[in-house]
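S.K.: A single structure is presented below for examination.
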Amino acid sequence: MRIRVGVVGASAERGWASATHLPALAAAPEYEVTAVASSSPGKAAAAARLWQARHAFADARQLIDSPEVDLVVLAVPVPRREGLVDATIAAGKHVYCEWPLAMDAGTAAGFRDAADAAGVRHVIGLQSRHHPAVRQVRARVEDRWIGEPLSATFTYSLSTPDKWPARYKQYIEQGATNRLIIVGGHALDVFRRAVGDFTSLSATTATRLPEAELAETGEKVPVGWPDQISVTGVLGSGAVASAHIITGGPFGTGYRIEVHGTKGRLVLLSESDELVGTRWRLLGALGRAELEPLPDSHADDLIDAPPAVRNVNRVYRDLASAIADGTPVEPDFATATDVHRLLDTIVSASDSGERLDYRCGNRGTGR
C-alpha cells in the first residue's frame, strides 16, 4: 500500500514544492499525492488538478486532519508554518518539514522529542547532504583515501539582489530570510556531512548590508541578521577547519570544500551559487600529483533530473523505508536540532569572543 501524501505549499505556478517535492514524489513509487493545500481555494484547486490530487484545501490544518493523508509535507516558510509541525505530530502523521525546523535549537529539540514520543517518522529539508559528490567526499575522508585528515576549508558565497520584491517584506521583518539560519544551515550541513562536525569553534559574524530595498516602493527595510559568518575550529577527526559563508554583492561563486590529508587532497566545487540545487565537480590527487576529476562512485537514480529533485527523491525513498520497517532515516529532526545547535553556538561564540565547545548529539555525523 502506497504512502498517502498531503503537500502544504503546493502550487500550479511556482514555488519550492512544485519545483522539487512534487516531481520527486512522482518519481517515487512508494507514494501517492492525495491532497494539496495552498493560500486560496483557487490556487489549491489548480495545484490539485496539475498534480492529480483528490483533495484541495485552502486551510493546511484541514489537510493535516484528513484521514486520507499519512505523510504531511510542510513546504512553506516559517511564518506560514506556525503551529503546523505541532498539529501534524498531534494528528499522528509522519512529517517532512522544510528547513529551518525552527528559529532556535530549543524549539527544534521540542519538535524532535514530540515526534519521537508520538511514534511518527520525521525528516528535514537538508537534502543537499545526499548529493552523490558530497557522499563521495565523506566516503573518501572516512576510508582515509587522503590519509589522516589535516585540515578542511569551506567557503560558500551567494549573490544578493539589489532590490527585493515587495512580497518579501513580511518575510524580511519576521526573519524568514535570515541568512545565518537559512543559508548557514544549508551550507554548513553540507560541510559537516562531507568532513564531520566541529568539536570546538570560534566565530565572527557581521552585518555588512543592514537594509533591504523593496523594488516596487524603494522602501528600506532593516535587516536583523549577519551576512558574513566566519568560523574556525577543530573537527572530530582532529583536523583544523575553517568556514566562511558570504552573502551580499552582485555575484556569488557558490561552494568550495578543500580537504588536505597526509596522503592527498580533495576539492569539491559547485557549478553555481545555488544554495540547494547546484551541480558539483569533485577533484582529487594523491601525493604531489595534479588534481584530476574523480569518477562518480555514488551515482543515484534520476540522473536526468535537476540535482535538487534527485536529492529530495533520495530523502523520500529513505523515509519510505523508515516508515515500512523502522530503519533510521536522515536528515531528520535530530539532524535539524544539531544544525540549530551549531548555529546557536556560532552566535554565542561571536557574541562572547570565546572559543566554545560543540558536541553533536545526532548519529552518523562523521566523528
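The values are calculated or read from the model by the stated rules, or taken from the named source; none is laboratory data. These numbers come from a predicted model, not from an experiment. Cβ: placed from backbone, ideal geometry, glycine included. Neighbour counts: every protein chain shown. With ligands, DNA and RNA removed, areas are computed over all heavy atoms of the protein, side chains included. Shrake-Rupley method; radii C 1.70, N 1.55, O 1.52, S 1.80 Å.
S.K.: Between LEU283 and LYS263, what length comes free when the chain is fully extended (0.36 nm per residue of separation minus the Cα-Cα distance, one decimal in nm)?
M.R.: 5.7 nm
S.K.: Rg and Dmax of the chain, using alpha carbons, in Å: what are they?
M.R.: 20.4, 63
S.K.: For the chain, what is the calculated [θ] at 222 nm in deg cm²/dmol (nearest 500), taking -39500 (n - 2.57) for each run of four or more DSSP H residues and dividing by its residue count?
M.R.: -9500 deg cm²/dmol
S.K.: Relative to the first principal axis of the alpha-carbon coordinates of the chain, what is the inclination of helix 307-325, with its axis defined by its Cα atoms, in degrees from 0 to 90 and to the nearest 10?
M.R.: Long axis of 307-325 versus the principal axis of the chain: about 70 degrees.
S.K.: Using the Kirkwood radius built from alpha carbon pairs, what does the Stokes-Einstein equation give as D for the stretch 76-177 at 20 °C and 1.002 mPa s, in µm² per second?
M.R.: 126 µm²/s
S.K.: Can I ask one more? For MET103, MET1, write out the residues from largest to smallest accessible area, computed with a 1.4 angstrom probe and no ligands counted.
M.R.: Descending accessible area places them as MET1, MET103.
S.K.: Magnitude of the Cβ-charge dipole of the chain, K/R +1 and D/E -1, about the Cα centre, nearest 20 debye?
M.R.: Charge dipole of the chain: 380 debye, to the nearest 20.
S.K.: At a probe radius of 1.4 Å, what is the per-residue accessible area of HIS94, in Å² to the nearest 10?
M.R.: We get 40 Å² for HIS94.
S.K.: Based on the Cβ-Cβ distance from GLU219 to THR107, what FRET efficiency comes out when R0 is 25 Å, to the nearest 0.05?
M.R.: The calculated FRET efficiency here is 0.25.
S.K.: Helix 132-142 sits at what angle to the longest principal axis of the chain, using alpha carbons and giving 0 to 90 degrees rounded to 10?
M.R.: 40 degrees
S.K.: Starting from the coordinates of the alpha-carbon atoms of the stretch 1-104, obtain the Kirkwood hydrodynamic radius over all distinct pairs and give the value in Å to one decimal.
M.R.: So the Kirkwood estimate lands at 13.2 Å.
S.K.: Just the number, please: percent antiparallel of the DSSP beta bridges in the chain, rounded to the nearest 5.
M.R.: DSSP beta bridges in the chain are roughly 60 percent antiparallel.
S.K.: Pop out the carbon and sulfur fraction of the accessible area of the chain as a percent, whole number, probe 1.4 Å.
M.R.: 50 percent
S.K.: Report, to the nearest 10°, how far helix 41-51 tilts away from the longest principal axis of the Cα atoms in the chain, using its own Cα long axis and a range of 0 to 90°.
M.R.: In the chain, helix 41-51 runs at an angle near 70 degrees to the longest axis.
S.K.: Which FRET efficiency, nearest 0.05, do ASP162 and ARG14 yield, Cβ-Cβ r, R0 25 Å?
M.R.: That pair, ASP162 with ARG14, gives E of 0.70.
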